[in-house]
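For reference, the structure is listed below as structure tokens.
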Amino acid sequence: MEVNYTAMKLMIATVMACLLLTACASDEHKREMEWFNDGNSFFAKERFEPSQKAFQRVLDEAPDSPFRIHALIGSADAYYMDKEYIASAPVYARFVELYPQDELTPQALFYEGMSYYRDMVPVKKDQSNAQKALDVFKEFVQKYPMHFAVPFVLDKISKLNDRLMEKEYDIALFYFNTTAYVSCLDRVDNLLKTWPETRFKADALLLKGKSYLAEQAYDKAKAVLSQLVADFPATPAGLEAASLLKAQP
């Protein structure tokens with residue numbers, strides 16, 4: 001349910017028309033009005049790179065312009081539509097910072113999150129952008145709980161949580177496979193604390209129990225493995241835990 005791009009273009013065109021009515025009354029802002037007009041014109045034609053440059057010219061050369069606020073969101077939108085997400089995110093963030101009460105601020109915050117979301121990499125790689133997207137979307141829901149985009153954002157939050165918990169489990173497994181058992185235990189504990197009902201819970205508990213066994217912390221291993229057998233008796237992890245328990249003296 002991402003915001004319709006055609007509607008976004010119409011919004012910018014409407015803003016342009018309203019501002020033209022006031023700006024044409026004076027020559028004072030005619031220069032930046034022309035740059036802003038160019039930005040909107042290029043945007044409407046889906047020529048996003050020159051659109052962004054035109055908006056940026058307003059920002060760079062006319063810091064006191066009445067067009068500045070809309071040039072800033074226009075610059076971010078042009079980057080986003082051109083799939084330059086690493087560039088659009090900080091511009092949206094800047095808009096939110098400078099204009100926290102503006103009617104366009106929810107849109108800016110939403111697309112800041114979407115910029116990070118669309119710039120994510122596979123789970124095996126660094127998930128910094130996934131965490132940033134999650135943080136922004138949580139902020140969005142907190143600030144605008146009645147916004148029409150909230151159901152869409154909540155779905156993205158669910159997907160991001162799943163991605164981040166998978167990453168945390170992968171790191172724990174890596175540590176286990178490299179015999180870094182203390183680090184594995186730390187990661188498992190963080191996983192289970194952050195996402196108590198994670199889909200990786202059974203496998204994570206098995207890693208925890210086996211790490212304790214490797215560290216010869218037999219009482220702790222028995223407690224974790226017993227919990228695993230009780231909570232997940234018919235799963236592969238539960239069955240392996242039962243086998244490990246039987247092998248203990």
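The values are calculated or read from the model by the stated rules, or taken from the named source; none is laboratory data. Being a predicted model, the structure only gives us computed values, none of them experimental. Neighbour counts are summed over all protein chains in view; Cβ atoms, including those assigned to glycine, are modelled from backbone coordinates with ideal geometry.
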When residues of the range 115-167 are filtered for being closer than 19 Å to ARG199 by Cβ and without any contact (Cβ under 8 Å) to a residue 24 or more places away in the chain, how many remain?
6
Hits in the range 26-72 - residues which are touching a residue at least 40 places away in the same chain (Cβ under 8 Å) and under 30 Å from the mean Cα position of the chain (by Cα)
PHE67, HIS70
Can you say whether ALA217 is farther than 30 Å from TYR92 by Cα and among the hydrophobic types (A, V, I, L, M, F, W, C), as far as the supplied structure shows?
yes
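Residues that are farther than 29 Å from ARG47 by Cα, at least 1 per element: which helices (runs of 4 or more DSSP H) completely within the range 70-160 meet that?
Values: elements: 85-98, 105-118, 128-143.
In the range 70-160, 128-143 are the helices (runs of 4 or more DSSP H) which contain 1 or more residues that are farther than 29 Å from ARG47 by Cα.
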Against the definition (over 25 Å from GLY113 (Cα atoms) and either modelled with pLDDT of 95 or more or out of contact with any Pro (no Cβ under 9 Å at 6 or more places or on another chain) (or both)), how does ASP27 come out, yes or no?
yes
